[in-house]
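What follows is a set of notes on a single structure, which appears directly below.
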Amino acid sequence: MEAICIETENTDPERLRRCLLKQVETWQSNGLLQEFNETCKGPVTIWDCKVVSDGQATNLRKLAAQVLADYIVSEIEPTLLDKLAALHHPNLGERERGQVTGNVRQRLLREEMLTGESRRRIILRNLEEFLQSQDQINIEGFIRFRLQDYQRELLELINQSADDLAIEKEYQDFINLLKYFVEIQQPRFPEMHLMCVGKGMVLCDDNFKVLHREKEQSIEGADAVVSTLVTAAPNIVTIHINNFPGDSELLSTIRHIFDSKVKMCFGCEHCRSEK
């Protein structure tokens with residue numbers, strides 16, 4: 001009589017036990033499974049699944065592969081992501097590591113929704129191929145040696161997420177420094193106005209006298225506008241929003257630096273006129 005032997009070296013085998021027990025009753029009621037036994041050999045927990053007849057072995061292998069694929073994605077993957085983040089980015093604190101792994105999981109879900117290609121399907125295919133010729137599977141060994149591409153993909157996503165977090169932290173540190181400069185300086189103007197004129201930008205004082213002009217809305221121009229505003233440290237920054245892109249990074253930066261000092265104008269005689 002054929003049997004499938006499932007092993008785990010996990011010190012907490014309860015998660016896999018629950019996944020298997022959910023299916024055992026169904027397998028037995030369908031006349032597929034005759035025996036389901038659990039034994040322990042040191043740190044290894046073993047489940048023997050014996051079929052009613054040898055002809056049912058193929059069906060049981062496919063069903064077991066589905067259970068194990070679900071288990072790997074839902075139970076093992078979060079732990080694996082955390083281990084990869086801790087191993088390859090030891091400088092990250094627990095909170096930052098949680099951000100990195102959380103971003104990876106969200107990205108995986110988005111990519112699967114866009115491409116329709118499920119990592120579960122890839123893992124399942126590997127499991128089915130393995131169980132076609134093997135009647136014993138060690139979960140950790142299978143992940144370690146048969147899912148190397150899957151692990152490399154997870155590590156690549158972890159690295160990208162960690163890099164994104166570092167860039168975001170650098171940006172936030174930079175913003176906080178500029179906010180500090182603004183707070184400690186004496187305001188040179190009660191109010192300054194930022195307007196888009198043609199392809200360029202102008203900064204005006206509270207009487208709409210032009211103080212600074214940029215011919216192009218470029219990165220260099222945006223940096224010059226921010227520098228001028230920080231140096232002037234006005235009490236109010238009014239942004240005349242007409243003609244600025246809705247997702248303008250410049251406007252977002254100014255909002256972060258000046259916070260409640262920022263006012264938005266959505267149309268007035270000044271921002272509609274030519275400068």
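The values are calculated or read from the model by the stated rules, or taken from the named source; none is laboratory data. Please read all numbers here as calculations on a predicted model, not as lab measurements. Because the Cβ atoms are built from the backbone with ideal geometry, glycine has one as well, and the counts that use them run over all protein chains shown. Side chains are part of the model used for accessible areas, which takes the heavy atoms of the whole protein and leaves out ligands, DNA and RNA. Shrake-Rupley method; radii C 1.70, N 1.55, O 1.52, S 1.80 Å.
Residue-wise test of (1) within 29 Å of ARG152 (Cα to Cα); (2) touching a residue at least 40 places away in the same chain (Cβ under 8 Å).
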{"site": "ASN30", "(1), (2)": "no, no"}
{"site": "VAL52", "(1), (2)": "no, no"}
{"site": "ASN59", "(1), (2)": "no, no"}
{"site": "LEU92", "(1), (2)": "yes, yes"}
{"site": "THR115", "(1), (2)": "yes, no"}
Could you tell me which residue of the range 205-218 is most open to solvent (accessible area, probe 1.4 Å), considering only residues that are out of contact with any Cys (no Cβ under 8 Å at 6 or more places or on another chain) and not in a loop (DSSP other than H, G, I, E, B)?
ARG213
In the range 122-161, residues that are in contact (Cβ under 8 Å) with a residue 40 or more places away in the chain and either touching a His at 6+ places or on another chain (Cβ under 9 Å) or among the basic types (Lys, Arg) (or both) total 3
Whichever residue in the range 43-66 is among the β-branched types (Val, Ile, Thr) and farther than 14 Å from THR8 by Cα and, among such residues, is least open to solvent (accessible area, probe 1.4 Å):
VAL51
Which one of these is in contact with a Phe, Trp or Tyr (Cβ under 7 Å, 6 or more places away or on another chain) and among the β-branched types (Val, Ile, Thr): ILE6, ILE46?
ILE6
Residues being over 24 Å from VAL44 (Cα atoms) and open to solvent by less than 50 Å² (accessible area, probe 1.4 Å): count how many of those fall in the range 128-149.
0
From the options ILE184, ILE254, ILE236, residue that is open to solvent by 30 Å² or more (accessible area, probe 1.4 Å) and touching a strand residue (DSSP E or B) at 6+ places or on another chain (Cβ under 8 Å)
ILE236
If we take the range 135-204, then strands (runs of 3 or more DSSP E) inside it with 2 or more residues that are in contact with a Phe, Trp or Tyr (Cβ under 7 Å, 6 or more places away or on another chain), within 29 Å of ASN242 (Cβ to Cβ) and not aliphatic (A, V, I, L, M) are 191-197
Which residue is nearest to GLU216 (Cα to Cα), if the candidates are limited to the range 226-249 and must be in contact with a Pro (Cβ under 8 Å, 6 or more places away or on another chain) and aliphatic (A, V, I, L, M)?
ALA232
Of GLY98, GLY141, which residue is among the small types (Gly, Ala, Ser) and either in contact with a strand residue (DSSP E or B) (Cβ under 9 Å, 6 or more places away or on another chain) or at positive phi (or both)?
GLY141
Which of the residues that make up the range 68-120 are open to solvent by 30 Å² or more (accessible area, probe 1.4 Å), of a type outside the set (S, T, N, Q) and in contact with a Ser or Thr (Cβ under 6 Å, 6 or more places away or on another chain)?
ASP82, GLU112
Over the range 73-90, the set of residues touching a helix residue (DSSP H, G or I) at 6+ places or on another chain (Cβ under 6 Å) and at pLDDT 95 or above is LEU81, ASP82, LEU84, ALA85, HIS89
Would you confirm, using the coordinates I've provided, whether PHE174 is among the aromatic types (Phe, Trp, Tyr) and more than 30 Å from ALA3 (Cα to Cα)?
yes
Take ASP164 and decide whether it is open to solvent by less than 60 Å² (accessible area, probe 1.4 Å), of a type in the set (Asp, Glu) and either touching a residue at least 24 places away in the same chain (Cβ under 8 Å) or touching a Pro at 6+ places or on another chain (Cβ under 9 Å) (or both).
no
